[in-house]
Every structure is written in C-alpha cells, then in structure tokens.
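**Student:** Right, I'll just put the structure down here and ask away after.
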Amino acid sequence: MPATPEPSEGHPTAANVGNVHLPWLVIRQDENGNRYRVGRFATRAEAQRVADSLDARWHAQLHAVELTLGRTE
C-alpha cells in the first residue's frame with residue numbers, strides 16, 4: 001500500500017486517541033490503485049456506514065473497511 005498522506009494538523013494519526021481505541025479504518029482506493037486512509041473508527045458498523053456513504057457519492061473510487069489489528073502508525 002502506498003504511503004498514506006499526513007493528515008492535516010489537529011487530526012490524530014495513532015490507533016489510540018486518548019483512551020479511545022479506533023481499530024477500524026476506512027480506506028479509499030482510486031482508479032489508479034492508490035490507497036488513502038480516510039478515517040479511523042471505534043466499530044466496524046460505524047466505519048461501514050461511512051464507507052457506504054462515500055461509495056454513494058464517489059462512483060470512480062472504492063471505499064473499504066479494514067481492521068488495524070492493534071498496529072499503530
């Protein structure tokens with residue numbers, strides 16, 4: 001997977017934010033196969049809702065939900 005661009009200032013980058021564990025990622029893949037992290041979520045259901053919402057708006061791109069398995073970045 002290509003390097004994920006750095007988020008804008010003020011956005012967390014670790015899987016743990018304070019005492020909240022955010023293991024579920026929404027990943028956007030464009031038509032060229034480039035992948036970018038869109039957001040982190042506490043539950044799969046929350047991440048899937050976001051991915052489904054983005055898929056409804058962006059037809060040329062795929063939004064997938066992935067589990068980080070405890071990794072931090």
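The values are calculated or read from the model by the stated rules, or taken from the named source; none is laboratory data. What you see is a predicted model; the values in this text were computed from it and never measured. In this analysis, Cβ positions are derived from the backbone assuming ideal geometry, glycine residues included, and neighbour counts consider all displayed protein chains. We work out accessible area using only protein heavy atoms, side chains counted, and drop any ligands, DNA or RNA first. Shrake-Rupley method; radii C 1.70, N 1.55, O 1.52, S 1.80 Å.
**Student:** Looking at (1) outside any loop (DSSP other than H, G, I, E, B); (2) at positive phi, find the lone condition where Leu69 falls short.
**Tutor:** With respect to (1) outside any loop (DSSP other than H, G, I, E, B); (2) at positive phi, Leu69 is out only on (1).
**Student:** Looking at the range 28-49, I want the residues that are closer than 13 Å to His63 by Cα and have a partner that is β-branched (Val, Ile, Thr) and open to solvent by 50 Å² or more (accessible area, probe 1.4 Å) with Cβ atoms under 6 Å, at least 6 apart or on another chain. Which pairs are those?
**Tutor:** Arg28/Val38
**Student:** Any idea how many residues of the range 22-40 are among the small types (Gly, Ala, Ser) and touching a helix residue (DSSP H, G or I) at 6+ places or on another chain (Cβ under 7 Å)?
**Tutor:** Quick first cut of the range 22-40, residues among the small types (Gly, Ala, Ser) only: 33, 39.
Add one more test, that the residue is touching a helix residue (DSSP H, G or I) at 6+ places or on another chain (Cβ under 7 Å), and what stays is 39.
Result for the range 22-40: 1.
**Student:** Pick from the range 1-33 the residues that are part of a loop (DSSP other than H, G, I, E, B) and surrounded by 14 or more Cβ atoms within 10 Å (Cβ to Cβ): which of them is modelled with the lowest pLDDT? Break it down into steps so the answer makes sense when it comes.
**Tutor:** First, pick out the residues of the range 1-33 that are part of a loop (DSSP other than H, G, I, E, B): 1-15, 18-19, 22-23, 30-33.
From what's left, surrounded by 14 or more Cβ atoms within 10 Å (Cβ to Cβ): 4, 15, 22-23.
Numbers: Thr4: 44, Ala15: 53, Leu22: 95, Pro23: 96.
The extreme case among them is Thr4.
**Student:** Now for a different question. Sort out which residues of the range 43-58 are open to solvent by 50 Å² or more (accessible area, probe 1.4 Å) and either within 9 Å of the chain's Cα centre (by Cα) or closer than 23 Å to Leu69 by Cβ (or both), and write them in order of number.
**Tutor:** Selection gives Thr43, Arg44, Ala45, Glu46, Gln48, Arg49, Asp52.
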